[in-house]
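*Asks:* This structure is in structure tokens; I'll ask about it shortly.
The values are calculated or read from the model by the stated rules, or taken from the named source; none is laboratory data. All values reported here derive from a predicted model rather than from experimental measurement. As a convention, Cβ positions derive from the backbone with ideal geometry for all residues, glycine included, and neighbour counts pool all protein chains shown.
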Amino acid sequence: MPTMGSTSTWPSPVEAWRSHSGPTTPTASFARLVAAGARVLSEPHDWLGALRVAWVADFDDNPIELVQRRPVG
């Protein structure tokens, strides 16, 4: 069911992401969301040496940020 004010129908990229169980990385989540139809805003990349970050947009152009702290050392 679409959300209030939504112009899309399910399944959305967010629903596809939520249906996945278990731990994942931003890179894996990014690939799953893009495969489900999310629009790429920023490919996965390291940021400030401590984070792995990616951005996508859902069908309604809402930005979704994927972030994971990188292991130190």
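*Asks:* Take the residues in segment 1-47 that are modelled with pLDDT under 75 and under 14 Å from Leu66 (Cα atoms); name whichever of them is surrounded by the most Cβ atoms within 10 Å (Cβ to Cβ).
*Replies:* Only one residue fits best here, namely Pro13.
*Asks:* I would also like to ask the following. Which of the residues belonging to segment 48-60 are modelled with pLDDT under 90 and under 10 Å from the mean Cα position of the chain (by Cα)?
*Replies:* If the condition is that a residue be modelled with pLDDT under 90 and under 10 Å from the mean Cα position of the chain (by Cα), then Asp58 is the only one that fits.
*Asks:* Report, by residue number, each residue of segment 52-65 that is within 15 Å of Ala28 (Cα to Cα) and surrounded by 13 or more Cβ atoms within 10 Å (Cβ to Cβ).
*Replies:* Scanning segment 52-65 gives Arg52, Val53, Ala54, Trp55, Val56, Ile64.
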